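What follows is one structure encoded as structure tokens, with my remarks underneath.
The values are calculated or read from the model by the stated rules, or taken from the named source; none is laboratory data. Model, not experiment: these values are computed from the prediction. Glycine gets a Cβ as well: all are built from the backbone with ideal geometry, and neighbour counts include every protein chain shown.
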Amino acid sequence: HSIEQTEITDVPTCDTLNPGNLQLVSKLKNPSGSCSVDVSATWWEIAGVKEPCIITACEYAISLWKPLDIWQWEKMYSWHFTEVPVLQIVPMPDVCNLVCVALGNLEIREIRVLLWFSDAKSENQVLLSSGNIQAVLGLTKRRLVSSSRTLCDQQVEIVTIAEDGGSKEKQFLMPIEETIQTFAEVQGMQEALLGTTIMNNIVIWNLKTGQLLRKIYIGDAYQASICHKAYSEMGLLFVVLSHPCAKEKEPSGSPVFQLIVINPKTALSMGVMLYCLPQGQAGRFLEGDVKDNFAAAVLTSGTIAIWDLLLGHCTALLPPVSDQNWSFVKWSGTDSHLLAGQKDGSIFVY
Amino acid sequence: CNQADLGPISINWFEELSSEALP
């Protein structure tokens, strides 16, 4: 059966993101019942029409779901893996008709591009990169950046994905000694790339020339920060970080996200705002995602919390559905949905 | 936050750092 979901409620379509209005609209259930690891949304051309599809990732399968009617999805295709499990989907901005996935155990071992053609009913899988890959990010213009460890150093590579899913062009960025934890594009600056390192530094590259422009120490208040968003304004660089290792030490509560400002010219930085859990909310950050001005995080308590980054406070709290806690949460890249996954293979669409 | 603590700001920081950095 291709339809494995439940229609929860009937609410009108809304294209503007407003977390206060988030409602559970449907549930996608992977029939295999295996553990969910990730979810994403992308455009896919099916029978000549570009559809906003949902991609679900289980340990050994990636599935493509097409919208049927309001709040219903039909599973169109699944790619199966037998040897190496799926670690994450790598969202590619502005790209349709392909999914990028990272496979591995503790570390990423392979990055593959998955293709499926609805007209020819054919599929293809292309191995894009392999090695000991620590961090990966899909960039605009069909580019993918990854950092991998070789015997003697770390390599930072940009691959441009061709129409057939293979690599069209490869470029190396100037390497750094520290392990890179996450990458982030700088909004509005197509040639700038940020990286966060395990030594609490933020590095800036010029993507066009491969130059390493700056290494900025952001302090040891929060270890192992993950960069979710970066933008440049009036000569300053604003960066939204999350803190998986943060403890409850602020008077205002447990910090989950933080906005910091960096002056790239002087390599000086300072905190602008902490996004904490509301008073009385237990738990801390497990996993999260930022889109536009909204941040969403799964907490250890099993709740999803949403912050308006401009207002500076938490605007919605979504309790787990059923007795299963959330495992991950992602904003949809194709519309105003929030996608939340549970370990049992269920994906909930808000 | 106090902007003065961040030192002199340049709107063209990306171009300036690119011209100063190693090729």
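Brief remarks follow.
- Members of segment A:22-62 found to be of a type in the set (Asp, Glu) and modelled with pLDDT of 95 or more, listed by number: A:Asp38
- Residue in segment A:268-275 that is farther than 23 Å from A:Gln171 by Cα, part of a loop (DSSP other than H, G, I, E, B), more than 19 Å from the chain's Cα centre (by Cα) and within 11 Å of chain B (Cβ to nearest Cβ) present: no
- In segment A:162-203, counting only strands (runs of 3 or more DSSP E) that sit wholly within it, the ones holding 2 or more residues that are in contact (Cβ under 8 Å) with a residue 40 or more places away in the chain and over 15 Å from A:Ile262 (Cβ atoms) span A:180-187.
- Qualifying residue in segment A:63-71 (condition: within 29 Å of A:Leu193 (Cβ to Cβ) and modelled with pLDDT under 95): no
- Complete set of residues in segment A:231-249 that are among the hydrophobic types (A, V, I, L, M, F, W, C) and part of a strand (DSSP E or B): A:Leu236, A:Leu237, A:Phe238, A:Val239, A:Val240, A:Leu241
- Residue match in segment A:279-297 (condition: within 20 Å of the chain's Cα centre (by Cα), under 29 Å from B:Asn12 (Cβ atoms) and free of Cβ contacts under 8 Å to residues at least 24 places away in the same chain): yes
- Residue that is nearest to A:Lys170 (Cα to Cα), among those in segment A:132-159 that are out of contact with any Asp or Glu (no Cβ under 8 Å at 6 or more places or on another chain) and surrounded by fewer than 17 Cβ atoms within 10 Å (Cβ to Cβ): A:Gln155
Conditions (1) modelled with pLDDT under 95; (2) more than 14 Å from chain B (Cβ to nearest Cβ), marked per residue:
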| position | (1), (2) |
| --- | --- |
| A:Ile133 | no, yes |
| A:Asp153 | yes, yes |
| A:Ile158 | no, yes |
| A:Met174 | no, no |
| A:Met189 | yes, no |
| A:Asn206 | no, no |
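- Qualifying residue in segment A:274-284 (condition: over 19 Å from A:Thr196 (Cβ atoms) and crowded, with 23+ Cβ neighbours inside 10 Å): yes
- Of all residues in segment A:28-54, those being assigned to a strand (DSSP E or B) and either surrounded by 22 or more Cβ atoms within 10 Å (Cβ to Cβ) or of a type in the set (S, T, N, Q) (or both) number 10.
- For A:Ser78, the conditions (1) more than 23 Å from A:Glu185 (Cβ to Cβ); (2) in contact with an Asp or Glu (Cβ under 7 Å, 6 or more places away or on another chain); (3) part of a strand (DSSP E or B) all hold with the exception of (2).
- Of all residues making up segment A:216-230, the number that are part of a strand (DSSP E or B) and surrounded by fewer than 16 Cβ atoms within 10 Å (Cβ to Cβ): 1
- Exactly one residue out of A:Leu268, A:Leu311 is surrounded by fewer than 19 Cβ atoms within 10 Å (Cβ to Cβ), more than 26 Å from A:Asp38 (Cα to Cα) and in contact with a helix residue (DSSP H, G or I) (Cβ under 8 Å, 6 or more places away or on another chain), and it is A:Leu268.
- Among the residues of segment A:105-145, those identified as assigned to a strand (DSSP E or B) and of a type in the set (S, T, N, Q) are A:Ser122, A:Asn124, A:Gln125, A:Ser129, A:Ser130, A:Asn132, A:Gln134.
- Residue that is farthest from the other protein chains (Cβ to nearest Cβ), among those in chain B that are outside any loop (DSSP other than H, G, I, E, B) and at pLDDT below 95: B:Ala4
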